[in-house]
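Novice: Supplied in structure tokens, the structure appears directly below.
The values are calculated or read from the model by the stated rules, or taken from the named source; none is laboratory data. Treat the numbers as computed from the prediction; the structure is a model and nothing was measured. Virtual Cβ from ideal backbone geometry, glycine too; neighbours counted across all protein chains shown.
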């Protein structure tokens, strides 16, 4: 089982390197999003509906994947490993994240308006009045935060349950990704069912966010960055996103700022294009370290 699980991790990472993302029309996360959409409406008891949605939809997604992978593994283990790799490829993302960040950073040097537009793929904020440095800051913030949501979280779910069975490991990765997706779609105060998805995501991502911060410090060759960032990590309203963002800001000696919300590593300048490119390299290193660690852990 250890070899099979490690093979799935390596193949999933390889698919990410080669293809970045599955095509939209067959992307399981897109399919899940379409299932979620009808629940974004008014309910007679919104708190109860919020809990049912937060608990039920991720469980449904995980159960379907568990059933399929378990059936395939029982017939042909090698095919099960390949299917698990495809699931990991669909629930994790590194190349798309870093490629998009590079594109936005490059645009800040030659076409600010285009950079503001492309930033929407990374950060859900009004970028219409952001300066070049503020656009780069938003891109770097999203880069750090999405390392946890888009890679470390699902990988950690797989690592925790794959030793029990490959199907449980893939189901756990899907469950974490489904929780993240619910939060990104519904986890807002303005949404009728936003309360439970947001609280569940806060709980699920508590460990991955801090683990991501540690990986960033190691990838930046600055093991003290996590300790130095601990106060700023608590500044954002989210209990989790501040940890990878503040750690990356400290490691790069830059300020990351969302006006009116938070300022991380205050007293330092906003990131230059060179700083942002350095951030991409650090996050890439942290992501590769996460994959390597996951492969080693499930092997043993």
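Novice: Please go through (1) farther than 26 Å from residue 177 by Cβ; (2) in contact with a helix residue (DSSP H, G or I) (Cβ under 6 Å, 6 or more places away or on another chain); (3) surrounded by fewer than 17 Cβ atoms within 10 Å (Cβ to Cβ) for residue 227 and return the number of the only condition it doesn't satisfy.
Specialist: Every condition holds for residue 227 apart from (2).
Novice: Same structure again: Please pick out the residue among 136, 125, 116 that is without any contact (Cβ under 8 Å) to a residue 40 or more places away in the chain and in contact with a helix residue (DSSP H, G or I) (Cβ under 9 Å, 6 or more places away or on another chain). Steps first, please.
Specialist: On the way: 136 fails: without any contact (Cβ under 8 Å) to a residue 40 or more places away in the chain; 125 fails: without any contact (Cβ under 8 Å) to a residue 40 or more places away in the chain.
Going through 136, 125, 116 in turn, just one is without any contact (Cβ under 8 Å) to a residue 40 or more places away in the chain and in contact with a helix residue (DSSP H, G or I) (Cβ under 9 Å, 6 or more places away or on another chain): 116.
Novice: Ok, one more. List the number of the failed condition for residue 79; all other conditions in (1) in contact (Cβ under 8 Å) with a residue 24 or more places away in the chain; (2) surrounded by fewer than 17 Cβ atoms within 10 Å (Cβ to Cβ); (3) touching a helix residue (DSSP H, G or I) at 6+ places or on another chain (Cβ under 6 Å); (4) more than 23 Å from residue 256 (Cβ to Cβ) hold.
Specialist: Condition not satisfied by residue 79: (1).
Novice: Of all residues in region 157-171, count the ones that are crowded, with 24+ Cβ neighbours inside 10 Å and either modelled with pLDDT under 95 or in a helix (DSSP H, G or I) (or both).
Specialist: 7
Condition check ((1) within 27 Å of residue 200 (Cα to Cα); (2) out of contact with any strand residue (DSSP E or B) (no Cβ under 8 Å at 6 or more places or on another chain); (3) modelled with pLDDT of 95 or more) across all residues:
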position: 12; (1), (2), (3): yes, yes, yes
position: 20; (1), (2), (3): no, yes, no
position: 54; (1), (2), (3): yes, yes, yes
position: 68; (1), (2), (3): yes, yes, yes
position: 72; (1), (2), (3): no, yes, yes
position: 75; (1), (2), (3): no, yes, no
position: 92; (1), (2), (3): yes, yes, yes
position: 97; (1), (2), (3): yes, yes, yes
position: 100; (1), (2), (3): no, yes, yes
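Novice: Right, next: I need the full set of residues from region 153-183 which are without any contact (Cβ under 8 Å) to a residue 40 or more places away in the chain and touching a helix residue (DSSP H, G or I) at 6+ places or on another chain (Cβ under 8 Å), in order please. Walk me through it before giving the result.
Specialist: Looking only at region 153-183, we keep the residues that are without any contact (Cβ under 8 Å) to a residue 40 or more places away in the chain, and these are 157, 160-161, 164, 180, 183.
Passing the criteria: 157, 160, 161, 180, 183.
Novice: Still on this model: Within region 96-114, is there a residue that is farther than 26 Å from residue 290 by Cβ and crowded, with 19+ Cβ neighbours inside 10 Å?
Specialist: Quick first cut of region 96-114, residues farther than 26 Å from residue 290 by Cβ only: 107-114.
Now drop any that are not crowded, with 19+ Cβ neighbours inside 10 Å, which leaves 107-108.
Yes - at least one qualifying residue is present in region 96-114.
Novice: While we're here: Restricting attention to region 188-198, report how many residues are touching a residue at least 24 places away in the same chain (Cβ under 8 Å) and either part of a helix (DSSP H, G or I) or on the phi > 0 side of the Ramachandran plot (or both).
Specialist: 3
Novice: Here is a check on your reading of the model: is residue 144 in contact (Cβ under 8 Å) with a residue 60 or more places away in the chain and in contact with a helix residue (DSSP H, G or I) (Cβ under 7 Å, 6 or more places away or on another chain)? Give the steps one after another, and end with the answer.
Specialist: Working: in contact (Cβ under 8 Å) with a residue 60 or more places away in the chain: yes; in contact with a helix residue (DSSP H, G or I) (Cβ under 7 Å, 6 or more places away or on another chain): yes.
Against the criterion (in contact (Cβ under 8 Å) with a residue 60 or more places away in the chain and in contact with a helix residue (DSSP H, G or I) (Cβ under 7 Å, 6 or more places away or on another chain)), residue 144 qualifies.
Novice: Scan region 237-246 and give yes if some residue there is assigned to a loop (DSSP other than H, G, I, E, B), farther than 26 Å from residue 42 by Cβ and in contact with a strand residue (DSSP E or B) (Cβ under 8 Å, 6 or more places away or on another chain), otherwise no.
Specialist: No: region 237-246 contains no residue that is assigned to a loop (DSSP other than H, G, I, E, B), farther than 26 Å from residue 42 by Cβ and in contact with a strand residue (DSSP E or B) (Cβ under 8 Å, 6 or more places away or on another chain).
Novice: Taking residue 300 and the conditions (1) more than 21 Å from the chain's Cα centre (by Cα); (2) closer than 23 Å to residue 14 by Cα; (3) surrounded by 19 or more Cβ atoms within 10 Å (Cβ to Cβ), which numbered condition does it fall short on, given that it satisfies the others?
Specialist: In the conditions (1) more than 21 Å from the chain's Cα centre (by Cα); (2) closer than 23 Å to residue 14 by Cα; (3) surrounded by 19 or more Cβ atoms within 10 Å (Cβ to Cβ), residue 300 misses (3) alone.
Novice: Answer yes if at least one residue in region 26-35 is under 16 Å from residue 161 (Cβ atoms) and at pLDDT 95 or above, and no otherwise.
Specialist: Just the residues of region 26-35 that are under 16 Å from residue 161 (Cβ atoms), to begin with: none.
No: region 26-35 contains no residue that is under 16 Å from residue 161 (Cβ atoms) and at pLDDT 95 or above.
Novice: Here's something else I'd like to know. With respect to the numbered conditions (1) free of Cβ contacts under 8 Å to residues at least 24 places away in the same chain; (2) over 26 Å from residue 238 (Cα atoms); (3) touching a helix residue (DSSP H, G or I) at 6+ places or on another chain (Cβ under 8 Å), which one is the sole condition not fulfilled by residue 296?
Specialist: (1)
Novice: Also, I was wondering about something else. If I ask for residues that are within 19 Å of residue 123 (Cα to Cα) and part of a helix (DSSP H, G or I), which ones from region 214-236 would you list?
Specialist: Step one: of region 214-236, the residues within 19 Å of residue 123 (Cα to Cα) are 233, 235-236.
Across region 214-236, the qualifying residue is only 233.
Here's the yes/no breakdown for (1) more than 25 Å from residue 184 (Cα to Cα); (2) over 14 Å from the mean Cα position of the chain (by Cα); (3) in a helix (DSSP H, G or I); (4) modelled with pLDDT under 95:
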| site | (1), (2), (3), (4) |
| --- | --- |
| 208 | no, no, yes, no |
| 267 | yes, yes, no, yes |
| 279 | no, yes, yes, no |
| 287 | no, no, yes, no |
